[in-house]
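Have a look at the structure below before the remarks.
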Amino acid sequence: MAPRIGGVRLVHDGWARYLVAEVMQEDGTRLTREMEDHGRAVAVLPYDPERRVATLVSQFRAPVLYSGGPPSHIEVPAGLLDEGASEDEARREALEETGLRLGALDFVASAWSMPGISTERMDLFLAAEGEAVAVHEIPLPELAAMGRRGTITDMKSLTLLFALQLRRPDLFEATR
């Protein structure tokens, strides 16, 4: 018999929900696991293939600051999936955070962000755009260098940067 959840107890219900689950192991042993019940989320990397820039935002992230990181954290537009389709929610987040009206989205993956502690599963997208109104417009070669140097420390942003480099390496080549 595969492991299964025997029961769940809610321990906090605020901006985030925290649960304690009783897990029944294959051999009959029981253990508990704490979980942050975050739900679905979306993230999108808007980029302009003509000007070779990407649009990211800076936000205060209390966990990053608490863990010794900077008070401002650069990342791609992202947010929780409310009620609509993930593509629509990614467009809404980009509009709210950057002022960009995104058209077609290029699906990258639907991935668990922190499977050991959180229920969050994030749909990741790339979005080619022609007219950028940006919070941070970063030239793609500079963004790639930031990724190599470890300056981009947000997992979803790194994943989308690497996906764009794999799918569109031409955008990162030196211009003559």
Q: Find all pairs meeting these conditions: Cβ atoms under 9 angstrom apart; at least six residues apart or on different chains; first residue within the range 35-50 and under 25 Å from Arg17 (Cβ atoms); second residue among the aromatic types (Phe, Trp, Tyr) and surrounded by fewer than 24 Cβ atoms within 10 Å (Cβ to Cβ).
A: Met35/Tyr18; Glu36/Tyr18; Asp37/Tyr18
Q) Does the range 40-49 contain at least one residue that is open to solvent by 30 Å² or more (accessible area, probe 1.4 Å) and assigned to a loop (DSSP other than H, G, I, E, B)? A) yes
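Which residue out of Asp13, Asp37 is within 21 Å of Arg121 (Cβ to Cβ) and open to solvent by 60 Å² or more (accessible area, probe 1.4 Å)? Break it down into steps so the answer makes sense when it comes.
On the way: Asp37 fails: open to solvent by 60 Å² or more (accessible area, probe 1.4 Å).
Residue meeting the stated conditions: Asp13.
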Q) Within the range 57-176, which strands (runs of 3 or more DSSP E) (wholly inside it) include 1 or more residues that are open to solvent by less than 50 Å² (accessible area, probe 1.4 Å) and of a type in the set (Ser, Thr, Tyr)? A) 106-112
Q | Matching entry among Glu87, Glu137, Glu131, Glu97 (being out of contact with any helix residue (DSSP H, G or I) (no Cβ under 8 Å at 6 or more places or on another chain), over 17 Å from Ser58 (Cβ atoms) and at pLDDT below 95) | A | Glu131
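The values are calculated or read from the model by the stated rules, or taken from the named source; none is laboratory data. In this text, all values refer to a predicted model and were calculated from it rather than measured experimentally. Positions of Cβ are generated from backbone atoms using ideal geometry, with glycine treated the same way; all protein chains shown enter the neighbour counts. Protein only, heavy atoms only, side chains kept; ligands, DNA and RNA dropped before computing areas. Shrake-Rupley method; radii C 1.70, N 1.55, O 1.52, S 1.80 Å.
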